[in-house]
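First up is the structure itself, then whatever we jot down about it.
The values are calculated or read from the model by the stated rules, or taken from the named source; none is laboratory data. None of the values given here were measured: they were computed from a predicted structure. Ideal geometry is used to build each Cβ from the backbone, glycine not excepted, and the neighbour counts take in all protein chains shown.
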Amino acid sequence: MTVIRYQPWTLIDTLQRQLDQAFSAEHGEDAAAAAVSWIPQVDIYEEPGRYVVVADVPGVEPKDIHITADKGVLTIRGEKRARETQQGKAHQRLERRAGAFLRTFTLPEGADVDSITAKQTHGVLEVAIPKQPKLQPRSIEVRAA
């Protein structure tokens with residue numbers, strides 16, 4: 001007897017991915033965005049001195065994550081390598097996704113792009129975006145000539 005897992009959303013997910021690829025190619029987006037296999041879940045919050053983006057990237061090595069900040073856009077991209085399949089297994093089930101991922105975020109105006117830091121702990125990536133100090137109005141003394 002063969003056991004087949006019923007996955008009603010697989011066809012819709014495949015269709016959505018194909019439509020995304022078609023529209024991104026049509027609008028001139030880069031090939032990396034069209035080749036995205038999965039999208040990591042993120043939390044974004046603001047603290048008094050910084051903005052923080054926390055992304056779930058389980059199984060992704062830090063060397064496979066690339067973060068850029070350019071023209072007011074923060075881009076997190078990387079790749080989760082697929083595990084090697086074991087030969088000789090009678091039944092095998094793979095549910096965890098592998099492949100490339102990409103997330104982009106518009107940076108707020110007060111972000112200090114030159115001081116962005118990132119660290120990964122136990123499959124959770126934390127990107128800290130410091131805020132630039134606000135410019136205070138300066139009082140100018142008028143002297144007699």
**Q.** strands (runs of 3 or more DSSP E) enclosed by the stretch 96-145 - at least 3 residues per element that are surrounded by 12 or more Cβ atoms within 10 Å (Cβ to Cβ) and either touching a strand residue (DSSP E or B) at 6+ places or on another chain (Cβ under 8 Å) or in the same structural domain as residue 74 (by TED's automatic domain parsing) (or both)
**A.** 99-106, 124-130
(Q) Among the residues in the stretch 58-71, are any modelled with pLDDT of 70 or more, surrounded by 10 or more Cβ atoms within 10 Å (Cβ to Cβ) and not assigned by TED's automatic domain parsing to the domain that holds residue 126? (A) no
Q: Starting from the stretch 26-53, keep only residues that are under 25 Å from residue 117 (Cβ atoms), then list their pairs with residues that are at pLDDT 85 or above and surrounded by fewer than 10 Cβ atoms within 10 Å (Cβ to Cβ) whose Cβ atoms are within a distance under 8 Å, requiring at least 6 positions of separation or different chains.
A: 51/45; 52/45
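Listed here are the residues, each with its yes/no results for (1) more than 26 Å from residue 10 (Cα to Cα); (2) at pLDDT 90 or above; (3) among the aromatic types (Phe, Trp, Tyr).
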position: 91; (1), (2), (3): no, no, no
position: 94; (1), (2), (3): no, no, no
position: 100; (1), (2), (3): no, yes, no
position: 107; (1), (2), (3): yes, yes, no
position: 110; (1), (2), (3): yes, no, no
position: 126; (1), (2), (3): yes, yes, no
position: 135; (1), (2), (3): yes, no, no
Q | Some residue of the stretch 110-123 being farther than 29 Å from residue 59 by Cα, free of Cβ contacts under 8 Å to residues at least 24 places away in the same chain and not charged (D, E, K, R) | A | no
